[in-house]
1. Calculate for the chain the 222 nm mean residue ellipticity that helices alone would give, adding -39,500 (n - 2.57) per DSSP H run of length 4 or more and normalising by residue count, nearest 500 deg cm²/dmol.
2. Of Trp359, Val334, Gln274, which is farthest towards the positive pole of the chain's charge dipole, taken about the Cα centre with +1 and -1 on the beta-carbons of Lys, Arg and Asp, Glu respectively?
3. Helix 528-544: angle to the longest alpha-carbon principal axis of the chain, degrees 0 to 90, nearest 10?
4. So what's the Cα pair-distance distribution over the chain, bin width 20 Å, in %?
5. Students often get this wrong, so check it: of Lys426/Lys550; Lys426/Lys504; Lys426/Lys626; Lys426/Lys544, which have C-alpha atoms separated by over 21 Å?
6. Using modelled amide H (1.01 Å from N, peptide plane; none on Pro or chain starts), what sits under 5 Å from the amide H of Gly627, excluding residues fewer than 5 places away?
7. Rg and Dmax of region 119-242 over Cα atoms: what are they, in angstrom?
8. Can you tell me the 0 to 90 degree angle between the C-alpha axis of helix 221-235 and the longest principal axis of the chain, rounded to 10?
Amino acid sequence: MRGFKRHDSRLWPVLAMLLAAALLPTACVLWFMGEAMRNERLASRQKLLEAYRAPLERVRARLDAHWDQRAGELPAYDPTRDPTAVFAGLIASGHVDSAVLLDPAGAVRYPECIVAIGEEAAAGFEWRAAEVLEFQARDFVGAAELYREAARTARDPALAVRARIACARCLARLGSLSEALDLLQQVVTERAYQNIRDTNGRLVVADAALLLLQFLDPAADRYQQVAHMLALLATDYRHGLLPAAQRRAIMEQLAPIVGAGAFPTLAAERLAAQYAETEPASPPVPGRLTRAPVAGCWQLASSDGTLVALYRESRITSELSAIVQSEAISGATVRLLQPDQRGPEPFLALAASEAMPGWQLALDLTGPDPFADQARRRTALYLWTGLAVALLTAMLTMLVGRHVGRQVRLTRLRNDLIATVSHELKTPLASIRALVDTLLDTDARDPRQTREYLQLVARENLRLSRLIDNFLAFSRMERNKHTFAFAGTPPAEVVSAAVDAAGKRFHSPGCHLEVKVAPGLPPVVADRDALVTVLLNLLDNAWKYTGDDKRITLSACAADGHVRFEVRDNGIGLSRRAMRRVFDRFYQVDQSLSRKAGGCGLGLSIVQFIVEAHGGAVSVESQPGKGSAFTVSLLAEPGEN
Ligand code: ADP
């Protein structure tokens, strides 16, 4: 048995190198492909970002312009202008929900705080005593008396009018309603009293009119007249008669009577008052939209900081979203995010406007990414190119591998053949030379011994011929040069030719050859000489691998459209492992035995080659120590039996 393993181990480094040569570039190509695909995706996203940045910047410019305009509309501080009128003008513009006016020092000008402007003591009248009687002692008669006296004697009309109102109040409490009404009526109509204010700066006439409304019958004409007069007063911002708080109070009271629609500035007044009551942590930054200290409200201070415009959340939302929506962006929508507002992650976000600190413009894609298609196509191209390169490399590697493997096997075969041929030829040649030398050296020739020597020379010669025949057959077989002349061949003819060729040794005393050919066997389509070689090789092996008592049977029979040739012996037999390998080239179970018998491990591989070339099959059955049976099965010629 030749050292196949040794040869195979030489093949491994070559295969490993081939594999590395294939895997390395494939891995590189796949890596580059992955990188290219990633870059393509990033580039596509970048393109999309750039494409959408421009419209978002346009929206931002619109927002900037909007707030520039709004800030420009806010008037600067002007001490000569009545803040009440400024307030009314702003509300009338409809651009703000309310406003608070300040002076340069930051004090509120509108809605102004009510400050006490005088003291009763200055009147020289026991005002306090009258109030004690009215509110603590509840002596309305006494209190009314004191107030009436004061009204009559007071030189200051302000005191006189306030005393009259107080007197009317007490009279009403006492049930003298008509007297009270008369008194109040006088106050309301008296010209001299029209601009008089109380110690809190409130217009006295307005308070008297409100009181009058309480006592009048709502169905009376007078009631309507007074309400109308009061409504006119409350909505008159030009003359600035009413302090903001009193104006608001009148509006609140009259709204249910004359309808809220009569006071379009009431909501603004309320908001301004709410704002004025709070104490902002820091003054608003001019020109910047920030949250007002009033819930749900935003503020924008004028450039000099003396006017704070107030905007309700709803106005901000609707105005700004109208601006945002005015820029039509195909395939995307834009959201305006308030400072700290959380939402789904947008595709692109930009600071909304310089005037709106913390606000963001968020763009979301609605349609399919227009660059994605292109990127997908490129990615697919990379992918397929990469895969094609990998596949091509794998195929090339396989081809090269097969070629290299074949070359290595051929080289190995050649080496084995040369080694075997030279080795196997040596023994018979040496024997022949020794026999011939002996014959030549011996003068007195014993004819019997000479004949014996010559027989030995003939045997060695035959052995040499067999060897060379096998080598030639093998060489042709390996070079695919073996040609067969197929023809219908009677099996009996093949069997008898093989027996003839096997020679006389099969008829020697220690050998019993039995030939059994079933009668009427159909011919087989075969190359006659090749088939004889097959049987001869099997017979030769049977002879070689049996002991001194050789019992060999060569039989031929028909089975299932086939003709089966069998060579059975009672020889040394084969192990299971050996049975699996006997048809391998150069395989020999026991080299010393084969050498002694004359063989080179090619006989059975030639048998297998020829049989398979005939479309047949060869198999072996054997038991170590008991013998072997080699069967060749060939297709019988059709139509013949
Ligand atoms: P060889 O020229 O060595 O006989 P073969 O290819 O004919 O080569 O046979 C391969 C090996 O198979 C032989 O070396 C032998 O060990 C084994 N073998 C072949 N025929 C028989 C048989 N009839 N009985 C036992 N062993 C056999």
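What follows draws every value from the coordinates through simple rules; no lab data is involved. All values reported here derive from a predicted model rather than from experimental measurement. Don't worry about glycine lacking a Cβ; one is built from the backbone with ideal geometry, like all the others, and counts go over all protein chains shown.
1. -19000 deg cm²/dmol
2. Result: Val334, furthest along the dipole toward the positive end.
3. 80 degrees
4. For the chain, the binned pair fractions read 13, 21, 13, 9, 9, 10, 11, 10, 3, 0 percent.
5. Lys426/Lys550; Lys426/Lys504; Lys426/Lys626
6. When sequence neighbours closer than 5 places are left aside, the close amide H contacts are Gly571, Gly573, Leu574.
7. 14.5, 43
8. The angle comes out near 60 degrees.
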